[in-house]
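The values are calculated or read from the model by the stated rules, or taken from the named source; none is laboratory data. All of these numbers come straight from a predicted model, not from anything done at the bench. Heads up, the Cβs are rebuilt from the backbone with ideal geometry, glycines too, and the neighbour counts pull from every protein chain shown.
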Amino acid sequence: MPIADILIMVVFLGAYTLAFLGGIGRTLVGLIALFAAMVGAALFTEPLASALRSIAPSMSNWASQLMAFVITAALLAAGAVLLMLRSFQVAPVPTRRLTALRTGAFGVLLLSLLAFVFAAGVTAAVVQVANGTIRQLPQDQFGLRLNREMDRSLLAPAALRVAPTLYRLTIEWLPGEPPAVLRPPS
């Protein structure tokens with residue numbers, strides 16, 4: 001089994017477990033934060049990557065884009081989660097309906113579906129960024145090996161089939177050209 005498949009399974013199962021244990025409200029907040037992180041990363045990755053390359057001129061394009069994406073997505077996702085959690089504290093959400101949804105088969109089914117959507121979105125985003133970064137690597141021994149690993153992976157194509165939908169929902173409608181790490185595979 002290729003190591004890429006093991007990493008993809010770990011990302012998916014970890015995201016699914018966290019979402020399922022977090023409950024319906026936190027999973028919905030996570031989905032909104034994922035959307036905000038992808039939109040913000042598409043808008044701010046390239047300017048931050050340019051700033052990183054101006055600070056360190058020897059930094060390659062793929063490295064600056066990857067660093068800029070990670071920094072931007074992490075800050076925006078954390079900010080979106082904190083903002084939403086803070087707004088829930090200021091104006092409490094009526095919890096009677098959410099509590100009723102947590103009990104019974106329908107609540108578990110709804111939570112499972114939301115957790116699956118969240119895990120699929122996170123996994124597709126991670127695989128899309130990893131694929132976009134790996135395809136930009138120099139064609140030296142390390143770059144060729146990583147490209148072979150992605151080509152050997154059985155789960156990467158499945159995750160990359162979700163990536164165009166994620167791209168269409170979050171990035172396609174934004175002005176300008178998205179960074180290479182966020183473009184869907186062609």
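Which of the following residues is in a helix (DSSP H, G or I), modelled with pLDDT under 85 and surrounded by fewer than 20 Cβ atoms within 10 Å (Cβ to Cβ): Gly14, Gly30, Gly40? So the residue among Gly14, Gly30, Gly40 that is in a helix (DSSP H, G or I), modelled with pLDDT under 85 and surrounded by fewer than 20 Cβ atoms within 10 Å (Cβ to Cβ) is Gly40.
The test for being surrounded by fewer than 19 Cβ atoms within 10 Å (Cβ to Cβ) and farther than 22 Å from Leu160 by Cβ does not hold for Met9.
Taking the range 68-186 as the region of interest, the helices (runs of 4 or more DSSP H) fully inside it that hold 2 or more residues being modelled with pLDDT of 80 or more and surrounded by 14 or more Cβ atoms within 10 Å (Cβ to Cβ) are 104-136, 141-152, 156-170. Close Cβ contacts (under 7 Å, 6 or more residues apart or on different chains) running from residues in the range 153-166 that are touching a residue at least 12 places away in the same chain (Cβ under 8 Å) and closer than 16 Å to Pro2 by Cα to residues that are β-branched (Val, Ile, Thr) and exposed (fewer than 13 other Cβ atoms within 10 Å of the Cβ) are absent. Checking every residue in the range 172-179 against the condition of being within 20 Å of Val10 (Cβ to Cβ) and in contact (Cβ under 8 Å) with a residue 12 or more places away in the chain gives zero matches.
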